[in-house]
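Here is the structure we will look at, set down as structure tokens.
Coordinate-derived values only; no laboratory data. These numbers were taken from a predicted model, which means no experiment stands behind them. Here Cβ is always computed from backbone atoms with ideal geometry, including for glycine, and neighbour counts include all displayed protein chains.
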Amino acid sequence: MKKLIIFDLDGTLLNTIEDLGHAANYALEKNGFPTHTIASYRFFVGNGVKKLITRVLPEEHRTDDTISQLLKDFRSYYDEHYCDYTKPYNGIDDLLADLTAQGVRIAVASNKYQSATETIISHFFPDVDFVAVEGQREGVNVKPDPSIVFAILAKAKVPKAQVLYVGDSGVDMETARRACIDSVGVTWGFRPEKELVEYHANNIIHNPLDILNFIL
């Protein structure tokens, strides 16, 4: 039986792609660079905001100073517009309520910077008692490094055999593998099912409520 479920945030609990895309395009346009379609951002995100900004910049302009400026502009915009289009995926609210009712603990492990992770979780899931909400912090490696997963395990004090990691990307599946915990890849997020298979997801599901099958 699984007693702790660790969720990725973007593409797993919440569909955040439009707000992320608009924030990045704002930063690009403000600094005189070409923008990208919102649909293309599905393949730019997943490794933290710094990597996102690096990917969307023309290769010849990927200098530390330029990336730093765009990061500043991105965060300024995103912190004001994080919920313009973002919303939970269908079934997520019911899933979290069911897990809570069954005594399963819930945590979040995200590559989104910490302040935004906490703000977004508080906004969309104010009634959920998360055992931990871990985002990207200075000095801590982003996923697939398992450091933030280990931080969650230290807080929850749940054996790895009773933990499930749920995410929508190869980064998430690799994070779970490195942490030596079981993984579930979800197909409603940003990345194709093929990627989940390639990164050796232990399980793949198509509906949030299917996660309940793993806690029995």
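General remarks:
- The charge dipole of the chain, taken about the Cα centre with unit charges on the Cβ atoms of Lys, Arg (+1) and Asp, Glu (-1), comes to about 660 debye, rounded to the nearest 20.
- About the centre of its Cα atoms, segment 101-174 shows a dipole size close to 260 debye [charges on the beta carbon of Lys, Arg (+1) and Asp, Glu (-1) only; nearest 20 debye].
- Overall dimensions of segment 23-139 as given by Cα atoms, namely Rg and Dmax in Å: 16.3, 52
- Counting only Cα atoms, segment 17-81 measures 25, 23, 21 Å along its principal axes, largest extent leading.
- Electrostatic tally near residue 93: other residues with Cβ closer than 11 Å to its Cβ, Lys and Arg +1, Asp and Glu -1, net -2.
- Among residues other than residue 183 with Cβ under 10 Å from its Cβ, the summed charge is -2 (Lys and Arg +1, Asp and Glu -1).
- At R0 = 30 Å, FRET efficiency that the Cβ-Cβ distance of residue 162 and residue 38 yields, to 0.05: 0.20
- Cα-Cα separations in segment 80-188 greater than 23 Å, expressed as whole percent: 26 percent
- The order of 62, 75, going from fewest to most other C-beta atoms within 10 Å of their C-beta, is 62, 75.
- Of the residues 81, 163, 192, the one whose Cα sits farthest toward the positive end of the charge dipole of the chain, with +1 on the Cβ of Lys and Arg and -1 on the Cβ of Asp and Glu, is 163.
- Springs join every pair of Cα atoms under 10 Å in this Gaussian network model of the chain, and among 133, 158, 142 the largest mean-square fluctuation is at 158.
- Each of 58, 123, 48 was scored by the projection of its Cα onto the charge dipole of the chain, and the greatest displacement toward the positive side belongs to 48; charges sit on the C-beta of Lys, Arg, Asp and Glu.
- Counting every alpha-carbon pair across the chain, the share separated by more than 22 Å comes to 47%.
- For segment 1-104, the dipole from Cβ point charges (+1 on Lys and Arg, -1 on Asp and Glu) about the Cα centre works out to 320 debye, to the nearest 20.
- Annotation for residue 3 and residue 119: the two label points, set 7 Å from Cα along the Cα-Cβ direction, are 3.6 nm apart.
- With each label modelled as a point 7 angstrom along the Cα→C-beta vector, the residue 29-residue 90 pair spans 3.1 nm.
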